[in-house]
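Peer 1: Sharing a structure below in structure tokens format, with a few things to ask.
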Amino acid sequence: MAENSSPNTRTVAAAAAGVVLGFLIGFFLANGINRAEQEKLRAELTGLRANAGAREGAGARSGGEQTPVAGDDTFPTLTDEQLANAVARADAEPANVEMQQKVGQALYVYAWQRNNAAILPDVARILRRAHELDPRDHKTTVMAGDAQFLIARSGGDARALEAARKLYETALAAKPDDAIVRTSLGLTYFYGRPSDPQRAIREYRRALQSDPRQEMSVQSLAAALIETGSLEEAGRRLDELEKLNPSNAELSNLRAQLEQKRNAAKERQ
């Protein structure tokens, strides 16, 4: 981001890009995984819990049961020990591509369902291994990139952001019209050190060429336009965003930031 960015700009733009774990992973999954695939991943998680439970036996469990998300019974709840055992299963068979894909993808979805960022480093490592074993698997490549991106945004790890970018570029080499992945690639430039909002904007525009109604692309573009001072187009994009989804969680924040930028511009005249 530009050096003269205000704290409010940073906060709003961060929210607009989906820094909150549940929102960002939810965006990736809602657009990239269909209902049948989610059911398959739920079955994988159930299997992981059953396998881990057998290993734990009847003794006390170190982590205790995690508290389910209110009203959410889509995926089973795993204890800390069950999560550790699932990771250990993948680590025990590093050359087994099916194992890496099943465990990595299932735990990625679990991180979303339970808002559990603590397991992301293991998830990213397993998904990266799955990608290296089968680079042609588009979904795994994208998920591996998403996990790296989330790690970068939660901890400021520049290496993870670079890893995410490379994985997105690999995925786009196979499917250049994937608007979701194109938007994700743009986010890696927006949050780079130094930030490159103009490059991010180019990627968002390319995404919208493929899918003009992609909400996250419009939202990200609007945030980047506000950041770069392209306020007239930013206003139009926010109107577009409101038409796409009047309930967009960041719409009011972005409009407030746009108004602040406009007022600041008037004061300088």
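Peer 1: Show me, for segment 161-174, the HN-Hα J-couplings you get by feeding each phi into the Karplus relation (A = 6.51, B = -1.76, C = 1.60, θ = phi - 60°), rounded to Hz, glycine and proline as x.
Peer 2: Going residue by residue, I get 5, 5, 5, 4, 4, 5, 5, 5, 5, 4, 5, 6, 4, 8 Hz, with x marking Gly and Pro.
Peer 1: To continue, here is another question. Ignoring ligands, DNA and RNA, what percent of the accessible area of segment 133-219 is carbon or sulfur (1.4 Å)?
Peer 2: The nonpolar share, carbon plus sulfur, comes to 46 percent.
Peer 1: Tell me, what is the per residue accessible area of segment 117-230 in Å², probe radius 1.4 Å?
Peer 2: 41
Peer 1: Hey, if we sort LYS266, LYS139 by accessible area with the 1.4 Å probe, largest down, what's the order?
Peer 2: LYS266, LYS139
Peer 1: Could I ask something else about it? What residues have an amide H closer than 5 Å to that of GLY192, excluding those fewer than 5 places away on the same chain, when H is modeled at 1.01 Å from N in the peptide plane?
Peer 2: Distant-sequence amide H within range of GLY192: zero hits.
Peer 1: Then there's this: Work out the length of the dipole vector of segment 106-167 about its Cα centre, built from +1 on the beta-carbon of each Lys and Arg and -1 on the beta-carbon of each Asp and Glu, and round it to the nearest 20 debye.
Peer 2: 60
Peer 1: Separate question: Arrange the residues ARG136, ARG255, ARG213 by how much accessible surface each exposes, largest first, with a 1.4 angstrom probe.
Peer 2: ARG136, ARG213, ARG255
Peer 1: So what are the ³J(HN,Hα) numbers for segment 189-195, from phi and the Karplus equation (6.51, -1.76, 1.60; θ = phi - 60°), rounded to whole Hz, Gly and Pro as x?
Peer 2: Computed from phi, the couplings for segment 189-195 are 7, 4, 9, x, 10, x, 5 Hz.
Peer 1: Compute the Rg to Rh ratio over segment 188-269 from the alpha carbon atoms, using the Kirkwood formula for Rh, and round to two decimal places.
Peer 2: Here Rg/Rh amounts to 0.98.
Peer 1: Placing unit charges on C-beta atoms (Lys and Arg positive, Asp and Glu negative, everything else neutral), compute the dipole magnitude of segment 177-240 about its Cα centre in debye, rounded to 20.
Peer 2: So the dipole magnitude of segment 177-240 works out to roughly 200 debye.
Peer 1: Quick one: 3J(HN,Hα) in Hz for segment 109-119, Karplus 6.51/-1.76/1.60 with θ = phi - 60°, rounded, Gly and Pro as x.
Peer 2: With coefficients 6.51, -1.76 and 1.60, one gets 5, 4, 4, 5, 4, 9, 6, 10, 6, 5, 8 Hz.
Peer 1: By accessible area of protein heavy atoms, probe 1.4 Å, what ranking do SER195, SER252, SER210, SER220 get, highest first?
Peer 2: The most accessible residue leads, giving SER252, SER210, SER195, SER220.
The values are calculated or read from the model by the stated rules, or taken from the named source; none is laboratory data. Source: prediction; values computed, not measured. FYI the Cβ positions are ideal-geometry reconstructions off the backbone, even for glycines, and counts take in every protein chain you see. Accessible surface areas use protein heavy atoms only, side chains included; no ligands, DNA or RNA. Shrake-Rupley method; radii C 1.70, N 1.55, O 1.52, S 1.80 Å.
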